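The values are calculated or read from the model by the stated rules, or taken from the named source; none is laboratory data. Predicted model only: the values in this text are computed from it and were never measured. Glycine gets a Cβ as well: all are built from the backbone with ideal geometry, and neighbour counts include every protein chain shown. Ligands, DNA and RNA are excluded from the accessible area calculation, which covers all protein heavy atoms including side chains. Shrake-Rupley method; radii C 1.70, N 1.55, O 1.52, S 1.80 Å.
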Amino acid sequence: MERVNQTTSVSEFILLGLSSWPEDQKPLFVLFLTMYLITITGNLIILAIHSDPQLQTPMYFFLSFLSFTDICFTTTIVPKMLRNFLSEKKTISYAGCLTQMYFFYALGNTDSYILAAMAFDRYVAICDPFHYVTTMSHHYCVLLLIFSCSISHLHSLLHILLLNLLTFCDSNAIHHFLCDINPLLKLSCTSTFVNEIVIKTEGLVILVTPFLCISFSYIQILITVIKIPSAAGKHKAFSTCGSHLTVVTLFYGSIFYVYLQPLSSYTVGDQVVTIVYTVLSSMLNPFIYSLRNKDLKRGLKKLMSRRQ
């Protein structure tokens, strides 16, 4: 009888969440509901501001899609979290788990590649301003966006298909608030060798490539800005990059901490860091870009004046 139980694949998983203490559930529900509402509101405002004719530039084109992706990204994660905070049965079906993970990785990596596209936009604007209009044409921006979405969804699909080949038996408790690949691989009772190899090769390339593009862009920007003779010119150049650098640091710092480590060293504490790039980053992005950007502030004032 015991052997049968060990070879029977599970049909659902239990998401243990951030805390198992009953008294923590309602405060966590209020906290994440507030963060979710702020995220949706902030990013919708960015999308509304984008309708301003003066903001029809490549940078704001990418920013608007970053906001849209962030709304979808958090919606993939937070509503299920909120439901589990108030429910005794914190389960998710096998199909639901894989679906959540698919969109989690697809949208998360789309965010990553859009940030790389925005860095490239700043590189062309500062380092090659005379060719900016032709290089960052609307047609080219659309192609960059299509590439960002396509490669992210293909990457996600690959890992979901490989994960679907595994067998999960005996334990079905995931020490996380979402379906992530590392805690799921730990539950598998079949070999995860292929999955881990793909994560360390293809997964590493997909994760690091946009970061390298961002790093290259800003190294070139730094070299160009240093050559600007006036302090005012240097300040103007850096001011257009400050918001983007803040978002990149917050996003990639937390991602690298979680995923650039061996599967064996993955701990429950890593889920706290996961909150940074899943929920916190998406919530702060609109405010980081708005507070440090005069054009967005002007667009927000126009939007508010229309409502009055």
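Brief remarks on what is shown
- Selection count where residues are without any contact (Cβ under 8 Å) to a residue 60 or more places away in the chain, of a type outside the set (Val, Ile, Thr) and either in contact with a strand residue (DSSP E or B) (Cβ under 8 Å, 6 or more places away or on another chain) or closer than 16 Å to PHE13 by Cβ (or both), scope the stretch 97-124: 1
- There is at least one residue in the stretch 79-96 that is open to solvent by less than 20 Å² (accessible area, probe 1.4 Å), in a helix (DSSP H, G or I), of a type outside the set (A, V, I, L, M, F, W, C) and over 16 Å from SER282 (Cα atoms).
- For the stretch 52-68, the criterion of being over 24 Å from TYR289 (Cα atoms) and in a helix (DSSP H, G or I) is met by no residue.
- Neighbours by Cβ (under 9 Å, 6+ apart or cross-chain): first from the stretch 155-169, under 16 Å from GLU196 (Cβ atoms); second loosely packed, with under 13 Cβ neighbours inside 10 Å and aliphatic (A, V, I, L, M): LEU162/VAL194; LEU165/VAL194
- Each residue in the stretch 205-235 was checked for being open to solvent by 70 Å² or more (accessible area, probe 1.4 Å) and of a type in the set (A, V, I, L, M, F, W, C), and 9 pass.
- From the list GLY253, GLY242, the lone residue that is modelled with pLDDT of 85 or more and closer than 27 Å to SER282 by Cβ is GLY253.
- As a summary of the residue check, SER148 satisfies the conditions (1) at pLDDT 90 or above; (2) farther than 29 Å from ILE214 by Cα; (3) assigned to a helix (DSSP H, G or I); (4) open to solvent by less than 20 Å² (accessible area, probe 1.4 Å) except for the one numbered (2).
- Residues considered: HIS131, HIS159, HIS153. Of these, the only one that is assigned to a helix (DSSP H, G or I), modelled with pLDDT of 90 or more and over 18 Å from MET101 (Cα atoms) is HIS131.
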